[in-house]
1. My understanding is that a pair violates if its Cα-Cα distance is over 27 Å; which of Lys85/Lys170; Lys111/Lys271; Lys122/Lys210; Lys245/Lys271; Lys126/Lys160; Lys170/Lys237 do that in this structure?
2. For the stretch 123-186, what value does the Rg/Rh ratio take when both radii are computed over Cα atoms and Rh is the Kirkwood radius, given to two decimals?
3. Under 19 Å Cα to Cα from Lys201, which aspartates and glutamates show up? Leave out anything in the same chain fewer than 8 places away.
4. Excluding Glu194 itself, what net charge comes from residues whose Cβ is under 9 Å from its Cβ, given Lys and Arg +1 and Asp and Glu -1?
5. Round to the nearest 0.05 the FRET efficiency obtained for Phe99 and Val268 when R0 = 35 Å and r is the Cβ-Cβ distance.
6. Once the piece of chain linking Asp89 and Thr242 is laid out straight, how much longer is it, given 0.36 nm per residue of separation minus the C-alpha distance between them?
7. Report Met78's accessible area, 1.4 Å probe, all protein chains in place, as a number in Å² to the nearest 10.
8. Using 0.36 nm per residue, how much length does the chain from Thr110 to Met130 gain when fully extended, once their Cα-Cα distance is taken away?
Amino acid sequence: MKALRSFSTFAMMAMLLAVVASCGSHRKAVKESQTAVVNAADTLKMKAFLQQVTDNAQHARFITSKVKFSVEVGARQMTLTGNLKMKRDDVIRLQLMAFGFVEAGRLEFTKEYVLIMDRINKLYLKVPYMQIDFLRNSNIDFYVLQSLFWNELFQPGKMKVTDELLKNYKTEVGTDDTVVFMEDGKLSYRWLAENGTARVKMANIMYNDKYRGNYQLNWDYEDFQANNRKYFPMEHKISFTTPEKEIKLAMILNYMGSEENWETRTEVSGKYRQVTVEEILQRFMSL
């Protein structure tokens, strides 16, 4: 009987330990399950927000406008008027005017090349993106530039942001805005989107180079106005920072047009002399 009582006591203790252990495991499982549900809900919420950001993209095939364009390098500043002409997935063109009617310069971006023309001195540069250091190092191609001009998210190396690619972004939610970011080695990409409207207010590309210093492109968007039930920023503030200096650009659109009757490619006259990337940059940086 004594042995039986001892066995019964041992069995009961074992059963109690088993019950306690199972209760502990159950509580842990419930907690993990609740955490998983919260994480899943947050993930769905952020995916919905990112989807809203991408849904804000313009449906227009063309965007055209008169613009006021300014450049500031150190204490020196230059202001010009001009024209902005963009055709979705094809070309971005900026024509810079002197005295309001003489074209002084032209910047043209297509999927194949970057064209910079100095109309005054009859000089031009026409090269693929890979031949310009910052564009190459920052993975900036035509589609990235298009997204910057059109106020959209982008994925380096992709034509557009698909639903599947939304998982590549991370987010940090603030009181008024959400930071959307993505990193790739030395490169970091960041956007600031307004919580209420999901409009992109800022885009930033940072290239970290521990030997030559950091290079940064920052693009701010302001004064959103309606265009075919979508909103587009009429004011763009751009700053390009190198280890040596900072260049500030500003572009203000007069209106939102959709002009289609214009040549989408510039033919360079034989009167122009082609120069190197270094010469164009040296002329620009010496302002």
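1. The answer is Lys85/Lys170; Lys122/Lys210; Lys245/Lys271.
2. On the way: Rg = 14.4 Å, Rh = 13.7 Å.
Dividing the radius of gyration by the Kirkwood radius yields 1.05.
3. Those aspartates and glutamates meeting the cut-off are Asp55, Glu152, Glu172, Asp176, Asp177, Asp220, Glu222, Asp223, Glu235.
4. 0
5. My answer for the efficiency is 0.90.
6. Numbers: separation 153, 0.36 × 153 = 55.08 nm, distance 2.91 nm.
Difference between extended and current length: 52.2 nm.
7. In the full protein context, Met78 sits at about 80 Å².
8. Result for the pair: 5.9 nm of gain on full extension.
The values are calculated or read from the model by the stated rules, or taken from the named source; none is laboratory data. Only a predicted model underlies this, so the values are computations on that prediction, with no experimental measurement involved. Using ideal geometry, Cβ is built from the backbone for each residue, glycine included, and neighbour counts are taken over all protein chains shown. Quick note on the areas: whole protein, heavy atoms, side chains included, nothing else; ligands and nucleic acids left out. Shrake-Rupley method; radii C 1.70, N 1.55, O 1.52, S 1.80 Å.
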